[in-house]
Amino acid sequence: MSSFPPGYRFYPTEEELIGFYLRNKLEHRGEDVMEQVVPVAHVHRFDPWQLPPISGEPCRRDEEQWFFFCPRQEREAHGGRPTRITASGYWKATGSPTLVYSSMNRVMGKKRTMVFYRGRAPNGTKTQWKMNEYRALEESAASTIHSSAAQKFRSEFTLCRIHTKSGSSRSFDRRPSEAVAAANTDAQKPVSAKRSLSHDSTSSDGNGSQRALRRRGEDDARLDNGDDEERMMRGWF
């Protein structure tokens, strides 16, 4: 049984991925707990659809993204290029690596984006599977310099975010499609109805004031219910 409550999802920012998860892994801090969330895997040896079942517990129910610590390959440790060929295809880098900045505008790492192709290069077929590979900047080299020419990055481990194209029209909204549709319907209700309520609350016959008091009481009841739900959620952790 999962130790996480229904609806829980793992959606860290890039700053959290590099500054907390990858940095702690590189410094060997809290590795046992860390790897329950982001396990270690040689991701380049697997076809991407094989990775979700071996992902961390918070991501196994996810249908869009999964996270892994990827050890440095032996040939890479000796100055060679890493192998990104799997049984069914290969990972191909797209564009140039980009720097990742903290909220304090300091360079903290870099990101390389890759796409998975079925078949063999150069005639592979592009798929919807993608990967963001993160490397952490050496702490002694942290700066606000925008050029990566003189910057050194740690390579013992990278943090890889495997993801596939979202089927949701709003990729940031992870609720079930039925709930999203209901929310969209509520959002599209005529504004005139809200104006009518506002007019009633200020009417001179006194009925508007009574309706406003009833609404205020209903709002207080909803707040009380929200407090009960918050206490129940705390029980999960």
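The values are calculated or read from the model by the stated rules, or taken from the named source; none is laboratory data. Predicted, not measured: the structure shown is a model, and the values here were computed from it. Cβ sites come from the backbone with ideal geometry, for glycine too, and all protein chains shown count toward neighbours. What goes into the accessible areas is simple: the full protein's heavy atoms, side chains included, and nothing from ligands, DNA or RNA. Shrake-Rupley method; radii C 1.70, N 1.55, O 1.52, S 1.80 Å.
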Original post:
What FRET efficiency comes out for the pair residue 152/residue 24, r = Cβ-Cβ distance, R0 = 30 Å, nearest 0.05?
Top reply: 0.95
Original post:
Do any of 25/130; 92/126; 92/152; 130/165; 25/92 go past 19 Å between their Cα atoms, and which?
Top reply: 25/130; 92/152; 25/92
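Filter the trypsin sites (Lys or Arg not before Pro) in the stretch 28-78 down to the DSSP loop ones having no more than 11 other Cβ atoms within 10 Å, then list what survives.
Numbers: sites: 29, 45, 60, 61, 72, 75; in loops: 29, 60, 61, 72.
Filter output for the stretch 28-78: 29.
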Original post:
If each of residue 115 and residue 81 carries a label point 7 Å out from its Cα toward its Cβ, how far apart are those two points in nm?
Top reply: 1.8
**OP:** Could you calculate the contour length gain from residue 92 to residue 139, that is, 0.36 nm times the residue separation minus the distance between their Cα atoms, to one decimal place in nm?
**Re:** 14.0 nm
Original post:
If you project the alpha carbons of the stretch 1-123 onto the principal axes, what extent comes out on each, in Å, largest first?
Top reply: 44, 38, 25
**OP:** Quote to one decimal, in nm, the extra length available between residue 106 and residue 9 on full extension: 0.36 nm per residue of separation minus the C-alpha distance between them.
**Re:** 32.1 nm
**OP:** Give me the accessible area of residue 111, 1.4 Å probe, in Å² rounded to the nearest 10.
**Re:** 50
